[in-house]
Amino acid sequence: MTDFRAAYLEELTNIAPDIDPDTVGDDEHIQDDLELDSMDVLNLVMALHKRFGVDIPEADYPRIATVALATRYLESHVAS
Amino acid sequence: MQTDSPNALSRAKGSRPEMSHPDSVEAERWRMAAELVDGFDDGLNICHEALDRHVENGHGDQAALRWLGKSGETRDLSYADMRALAARFANVLTAHGLQPGDAVFGLMGRVPELYAGALGTLKAGMVFTPLFSAFGPEPIRTRMEIGSATALITTASIYKRKIAAWRDELKSLKLVLILGDEAPEGCVALGPALGAAAPEFDTVHTAPEDPALIHFTSGTTGKPKGAVHVHNAVLYHAFSGRHALDLTPGTIYWCTADPGWVTGTSYGIIAPLVNRVTMIVDEAEFDLDRWYGTIQRERVEVWYSAPTAIRMMMRTGAEAARPYDFSSLRFLASVGEPLNPEAVTWSAKVFGKPFHDNWWQTETGGIMIANQPGMEVRPGSMGKPMPGIEAGIIDRAEDGTLTELGDGQVGELALRPGWPSMMRAYLHEQARYDKCFVDGWYLSGDLAMRDADGYFWFVGRADDLIKTSGHLIGPFEVESALIEHEAVAEAGVIGVPDETAGEVVKAYVTLNPGHEPSAELERALRGHARKALGPAVAPREIVFRETLPKTRSGKIMRRLLKARELGLPEGDISTLETDES
């Protein structure tokens, strides 16, 4: 089974390489705590789309805003 | 303004660089603006116009600011509350020995204390500089050094991450105020300090030409420039708020810009309060449903936003907007970069009103050219000059002489100086300031065209500055941060087109011996730049080159990098000495 947590962290830190993946807490908000800006979020959504073929509508952005939320979201939205 | 106005106005023009109109014409021209402010018998203070006078005139109970917290909480502050909070700020600053003229910097998210802190600073006759809280430590330090910051209002988290390491090296800095009830060592907690301070403070009777605000803006070369604005600017804030944005007393108004940028101060604090509107302030970043929900729930009437956000809404489509009621909206405006025609048409369809694009700069202090209320909107155009503003399209010859161009010709957008919110100086940079004014024109650095009907159309920047998500970024600042990395020998930074952000920052770098291009190094460099500069300024993409195109004098030719990136003609490359490889 795909490790969505690791994959998400990899895409996240590729967009924001200033973030050390080992220090990211599961419930840290990517904008409020990790300081991504809205362009970063857009790029993250595109990277996840490219990697998993998953379409994340704008209304679902809050559902990928932390590692914990995103892992759950990807688990349920990426076709296995 | 009453009887004191002609006096205030005539004093106001003393230090202006080049006047194109005799005093009487100018006074007459801004009479309409002066009627929107009260002034003192012996001066003018933005805070008095924004808060004090409304309370004195019986509007103390009206909501000045409705704050929407990130977690869904709301906090309402009436004009009386805001005046009291600003007064407490003024008392705290004064009690710590600060004097009129001292420089107070604000560096935090959109919380009521930031707004009250800005107004309290002005109330005390001090000079306020907002900084964008997502800046990294380097842009913050550079700007606080240039501005000789005396005090800083910030949060514990920002202080620890971005300030503490170098705080002691900034000798001018006497006071650091920290939001909340606790503060790190050497700082003062705002909660108890404001609580203990008196809610009354006699607003300092500043002269119209006393500095009030300093906004930093990027330069193509060298350090950022601190554009100095004076209290008299409030005439134009009042006037343009009324006539470009339709801000009338009682209007429910939402400016989505952060006060860290000039729009978020001129039209996110001053113009709305001077016009006695109720401001919506959202602490959170862009979130589609939150934004649509805010307009519906708060019954927003006037909405001032930016192309990047509008394009993000467009990406989602009209469907996502359908469940919401936008019938409260009366006027929509956009600024920061040109709004594409599709976005204008789309907004008219989805919101029932089109976004009205307008144009101005940090230096102009207020909206200069606009699709004004009641005017036919030309999608893709920035509109027509505001009443009292004279704009032209100029060609600069090799020898420096200017020629005014006719309709349909592309040239540099220029303005006749003299309106009240024009910058009065670049801090400590007289020569750079003087260069902006030639033959009675202020030269904007933007290329534009005027059509036969008098509408102006943005074409591009005349220099190398990058416009990303509405923010102006100087390539030099980004290049400087990159070459601080041990692997980087040289860097050239340009803006490349992006359908959402307008442009995004892209860097070309050459490496020092012992370093090889790799995906890991690219990531490491982006990480380094983000740490130093913050995400809004750091490059989103870095590419490696063996050499960069340079002139004989060793200057990197950004223009050539950009032309090649865009597949455009390379233009005059006679000064090219070393080409890119």
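The values are calculated or read from the model by the stated rules, or taken from the named source; none is laboratory data. If you're wondering where the values come from, they're calculated on a predicted model, not measured in any experiment. Using ideal geometry, Cβ is built from the backbone for each residue, glycine included, and neighbour counts are taken over all protein chains shown.
Here are some notes:
- The number of residues in region B:532-572 that are assigned to a loop (DSSP other than H, G, I, E, B) and surrounded by 15 or more Cβ atoms within 10 Å (Cβ to Cβ) comes to 11.
- Looking across B:442, B:426, B:433, one residue alone is in contact with a Pro (Cβ under 9 Å, 6 or more places away or on another chain), crowded, with 20+ Cβ neighbours inside 10 Å and away from chain A (no Cβ under 14 Å). It is B:442.
- Residue list for region B:117-148, filter: touching a Ser or Thr at 6+ places or on another chain (Cβ under 6 Å), crowded, with 23+ Cβ neighbours inside 10 Å and more than 17 Å from residue B:43 (Cα to Cα): B:128, B:130
- In region B:452-470, residue nearest to residue B:548 (Cα to Cα) [restricted to those that are at pLDDT 85 or above and within 14 Å of another protein chain (Cβ to nearest Cβ)]: B:466
- Restricting region B:235-256 to residues that are in contact with a strand residue (DSSP E or B) (Cβ under 7 Å, 6 or more places away or on another chain) and of a type in the set (A, V, I, L, M), the residue that is surrounded by the fewest Cβ atoms within 10 Å (Cβ to Cβ): B:252
- In region B:553-575, the count of residues that are among the acidic types (Asp, Glu) and either within 14 Å of another protein chain (Cβ to nearest Cβ) or touching a His at 6+ places or on another chain (Cβ under 6 Å) (or both) is zero.
- Some residue of region B:510-523 being outside any strand (DSSP E or B), more than 26 Å from residue B:312 (Cβ to Cβ) and touching a helix residue (DSSP H, G or I) at 6+ places or on another chain (Cβ under 6 Å): no
- Qualifying residue in region A:13-21 (condition: buried (at least 18 other Cβ atoms within 10 Å of the Cβ) and more than 10 Å from chain B (Cβ to nearest Cβ)): no
- Candidate set: region A:52-70, residues that are in a helix (DSSP H, G or I), in contact (Cβ under 8 Å) with a residue 12 or more places away in the chain and crowded, with 19+ Cβ neighbours inside 10 Å; chosen: the one nearest to the other protein chains (Cβ to nearest Cβ): A:61
- Sole residue being in contact (Cβ under 8 Å) with a residue 60 or more places away in the chain and farther than 30 Å from residue B:480 by Cβ, chosen from B:229, B:205: B:205
- Residues within region B:499-529 that are farther than 25 Å from residue B:461 by Cα and either within 14 Å of another protein chain (Cβ to nearest Cβ) or of a type in the set (Gly, Ala, Ser) (or both), tallied: 12
- Look at (1) part of a strand (DSSP E or B); (2) under 18 Å from the mean Cα position of the chain (by Cα) and you find that residue B:413 fails only one, number (2).
- Residue B:45 more than 24 Å from the chain's Cα centre (by Cα) and at pLDDT 90 or above: no
- Residue tally, condition within 21 Å of residue B:271 (Cβ to Cβ) and in a loop (DSSP other than H, G, I, E, B), over region B:325-349: 7
- Residue check, residue B:56 more than 26 Å from the chain's Cα centre (by Cα), within 22 Å of residue B:276 (Cα to Cα) and modelled with pLDDT of 95 or more: yes
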